[in-house]
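The values are calculated or read from the model by the stated rules, or taken from the named source; none is laboratory data. Just so it is clear, the model here is predicted, and its values are computed rather than measured. Cβ sites come from the backbone with ideal geometry, for glycine too, and all protein chains shown count toward neighbours.
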Amino acid sequence: MKKYLSTLIICLVLAVFFVVVQLGINNGFITGYWVTNLYLVGINVILASSLNLINGFTGEFSLGHAGFMAVGAYSGAIITANLGLPFPLAVIVGMLAAGLTGVLVGLPTLRLRGDYLAIATLGFGEIVRVVLMNIDYVGGASGLRDIPFVVNWPIIFFSVVLSLLLIRNFICSSHGRACLSVRENDLAAEMMGINITYYKVLAFVIGAALAGLAGVLYAHYYTVLQPRDFSFMLTFDVLVMVMVGGLGSLTGSVVGAVLITVASAFLQSIPELRMVIYALLLIISAVFRPQGLLGEKEVSLKILQKLGGVFNGAVGSKQTH
Amino acid sequence: MGRVEALLNLEDVNVHYGAIWALKGINLTVGEGEIVSLIGANGAGKSTTLRAISGVIKTSSGRISYQGEDITKTPAHDIVKKGIAQVPEGRRIFANLTVMENLELGAYIRRDAKGIKQDMEMVLDRFPRLRERISQIAGTLSGGEQQMLAIGRALMTRPKLMLLDEPSMGLAPLLVKEIFSIIQEINQDGTTILLVEQNARMALQIAHRAYVLETGRIVLEGSAQKLASHEDVKKAYLGG
């Protein structure tokens with residue numbers, strides 16, 4: 001019963017949020033600049049939570065997110081801009097292309113650990129960028145133009161909700177447990193009968209496919225893609241969101257993505273200081289809160305339950321799990 | 001004890017770590033229901049033998065068979081499914097997860113919710129200390145409790161054969177005694193045990209048979225009683 005109730009509350013809150021924002025956009029309460037940032041928050045939430053799946057939950061250190069996003073963005077844009085096919089197909093193709101690239105990159109590189117994996121995936125991201133710069137079919141260095149403008153609030157909203165739901169369900173499933181155990185101790189995980197290569201690659205591929213989705217959304221909002229949009233700086237931005245929010249906390253990624261995107265919107269007028277402030281943020285969070293704002297904890301309605309328990313002066317039913 | 005049917009058989013098993021020849025033609029048999037101990041000094045190849053059986057490292061030649069089936073090339077995660085569980089050296093619990101989650105991960109390969117629940121109760125009855133700390137983060141347990149958790153986690157796979165690597169490592173003498181009597185109980189409940197130990201005295205006390213390893217070779221084998229009174233064993237491993 002309680003579970004249904006909390007699901008109902010979450011759905012209600014999301015629905016109200018969705019409608020209020022939609023009304024705000026329709027009536028001009030939310031102006032163009034903030035609409036852009038709102039959409040960017042959505043895209044960044046998808047990027048941060050999917051990177052967290054790889055770096056936080058499975059414990060691999062990937063720096064290839066900009067590359068996967070680029071693969072998704074470009075292959076999605078080819079579907080709509082070059083081939084004139086509908087947007088939903090672009091989403092599917094973009095995610096598949098990024099996911100497939102994830103398999104190809106993941107199989108050889110996930111044998112590497114820590115620093116080596118970081119370097120290999122970083123290299124992958126740069127290769128994608130340079131390759132795109134040299135393919136005339138997608139506009140080369142000057143970029144791919146005339147991508148249809150499709151993205152609106154409902155598309156962003158449902159993409160974010162579905163992505164988060166997918167990651168959450170994955171983490172809470174036995175597959176997610178397997179990923180956690182790989183992070184905790186891969187040798188012991190293997191001895192429990194967990195195929196560790198399979199789970200490393202699986203988490204990597206899901207993360208890559210969702211980065212691809214973020215790429216498709218990005219392409220169909222800005223309508224122009226340039227290879228330099230997908231430089232290492234983008235991966236770094238996402239990494240900061242994950243670290244600040246908390247490695248291994250899904251709600252942390254949401255908080256991190258919102259915080260950093262909004263902060264960077266305010267810093268738009270002083271771009272030269274932006275990276276300095278980012279770096280400072282990272283240092284400060286590493287020194288004072290190395291586990292991130294939320295650590296590995298999740299924000300859930302249990303907090304309300306606990307508060308309710310305090311107000312009622314009764315001890316709520318203690319859940320062991 | 002009479003002739004028992006062989007559960008596990010190693011024939012002429014060799015293992016190389018790069019240029020180092022770690023196991024030099026090991027022949028070993030574990031019968032159903034036995035406790036068999038491997039004793040020997042540091043670097044003799046005891047842990048390597050266990051790792052070769054559980055598939056964590058590859059053998060360079062030789063044959064490992066389990067219930068008559070060749071498992072030499074079977075990957076580690078499939079060997080667990082066949083009923084061989086390993087309690088690794090240094091315990092290797094999932095330190096940031098709770099005791100409960102550690103045990104649940106032990107049952108990862110199983111899908112029988114009812115059986116898992118029963119075994120969970122069985123493990124918690126055997127280790128009351130784990131029941132008290134069920135929602136505690138495993139990394140905060142004491143060394144002895146962590147060892148119990150590692151054994152409990154292995155039991156959750158419902159193994160026929162349990163490989164134990166140095167369960168006494170770093171534990172106070174009283175705890176070592178407790179752990180060893182638990183190992184005996186597990187054996188009496190029907191699980192075959194292959195035990196690797198530096199603490200040869202304790203290992204020979206609970207084992208039915210034992211093998212003595214020296215630099216990758218088996219130099220002695222026989223009933224635990226016989227080995228415990230063997231002059232060379234006394235001199236080298238029992239401090240007498």
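Quick grid of which residues meet (1) more than 20 Å from A:Gly292 (Cα to Cα); (2) assigned to a helix (DSSP H, G or I); (3) among the β-branched types (Val, Ile, Thr); (4) free of Cβ contacts under 8 Å to residues at least 40 places away in the same chain:
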| site | (1), (2), (3), (4) |
| --- | --- |
| A:Thr7 | yes, yes, yes, yes |
| A:Val13 | yes, yes, yes, yes |
| A:Asn37 | yes, yes, no, no |
| A:Leu47 | no, yes, no, no |
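Taking the residues in the stretch A:215-232 that are of a type in the set (Ser, Thr, Tyr) and in a loop (DSSP other than H, G, I, E, B) as candidates, determine which candidate is farthest from the chain's Cα centre (by Cα).
My answer is A:Thr223.
Considering every residue within the stretch B:208-228, establish whether at least one is in contact (Cβ under 8 Å) with a residue 60 or more places away in the chain and polar (S, T, N, Q).
Checked against the condition, which is being in contact (Cβ under 8 Å) with a residue 60 or more places away in the chain and polar (S, T, N, Q), the stretch B:208-228 yields at least one hit.
Select, from A:Gly212, A:Gly176, the only residue that is closer than 16 Å to B:Ala107 by Cβ, out of contact with any strand residue (DSSP E or B) (no Cβ under 8 Å at 6 or more places or on another chain), assigned to a helix (DSSP H, G or I) and more than 10 Å from chain B (Cβ to nearest Cβ).
A:Gly176
Using the structure shown, decide if A:Ala73 is closer than 26 Å to A:Val258 by Cβ, in contact with a strand residue (DSSP E or B) (Cβ under 6 Å, 6 or more places away or on another chain) and surrounded by 15 or more Cβ atoms within 10 Å (Cβ to Cβ).
When the stated conditions are applied, A:Ala73 passes them.
Looking at B:Gly170, B:Gly115, B:Gly144, B:Gly139, which is the one that is part of a helix (DSSP H, G or I), surrounded by fewer than 17 Cβ atoms within 10 Å (Cβ to Cβ) and away from chain A (no Cβ under 14 Å)?
Only one candidate passes the filter, namely B:Gly115.
Can you find even one residue in the stretch B:99-110 that is among the hydroxyl-bearing types (Ser, Thr, Tyr), part of a loop (DSSP other than H, G, I, E, B) and within 13 Å of chain A (Cβ to nearest Cβ)?
yes
For the stretch A:223-257, what are the residues that are farther than 19 Å from A:Ala97 by Cβ and hydroxyl-bearing (Ser, Thr, Tyr)?
The answer is A:Thr223, A:Ser231, A:Ser249, A:Thr251, A:Ser253.
Identify the residue in the stretch A:1-46 that is of a type in the set (Gly, Ala, Ser) and modelled with pLDDT of 90 or more and, among all such residues, is surrounded by the most Cβ atoms within 10 Å (Cβ to Cβ).
A:Gly42
Those residues that are at the interface with chain A (Cβ under 8 Å from one of its Cβ atoms) and in contact with a Pro (Cβ under 8 Å, 6 or more places away or on another chain), I need them from the stretch B:81-98; list them, please.
B:Ala85
Within the stretch A:186-203, how many residues are farther than 18 Å from A:Arg168 by Cβ and either more than 8 Å from every other protein chain (Cβ to nearest Cβ) or out of contact with any Pro (no Cβ under 9 Å at 6 or more places or on another chain) (or both)?
Result for the stretch A:186-203: 10.
For the structure I just gave you, tell me whether A:Gly59 is on the phi > 0 side of the Ramachandran plot, touching a residue at least 24 places away in the same chain (Cβ under 8 Å) and not aliphatic (A, V, I, L, M).
When the stated conditions are applied, A:Gly59 passes them.
Condition first: among the acidic types (Asp, Glu) and facing chain A (nearest Cβ under 10 Å). Now tell me which residues in the stretch B:46-80 satisfy that.
Across the stretch B:46-80, the qualifying residue is only B:Asp78.
Pick from the stretch A:181-199 the residues that are touching a helix residue (DSSP H, G or I) at 6+ places or on another chain (Cβ under 6 Å) and part of a helix (DSSP H, G or I): which of them is surrounded by the fewest Cβ atoms within 10 Å (Cβ to Cβ)?
A:Asp186
Where residues in the stretch B:147-159 are within 11 Å of chain A (Cβ to nearest Cβ) and outside any helix (DSSP H, G or I), which of them is surrounded by the fewest Cβ atoms within 10 Å (Cβ to Cβ)?
My answer is B:Pro159.
Looking at (1) in a helix (DSSP H, G or I); (2) in contact with a helix residue (DSSP H, G or I) (Cβ under 7 Å, 6 or more places away or on another chain); (3) crowded, with 17+ Cβ neighbours inside 10 Å; (4) in contact (Cβ under 8 Å) with a residue 40 or more places away in the chain, which is the one condition that is false for A:Ala81?
So A:Ala81 meets the others, but not (2).
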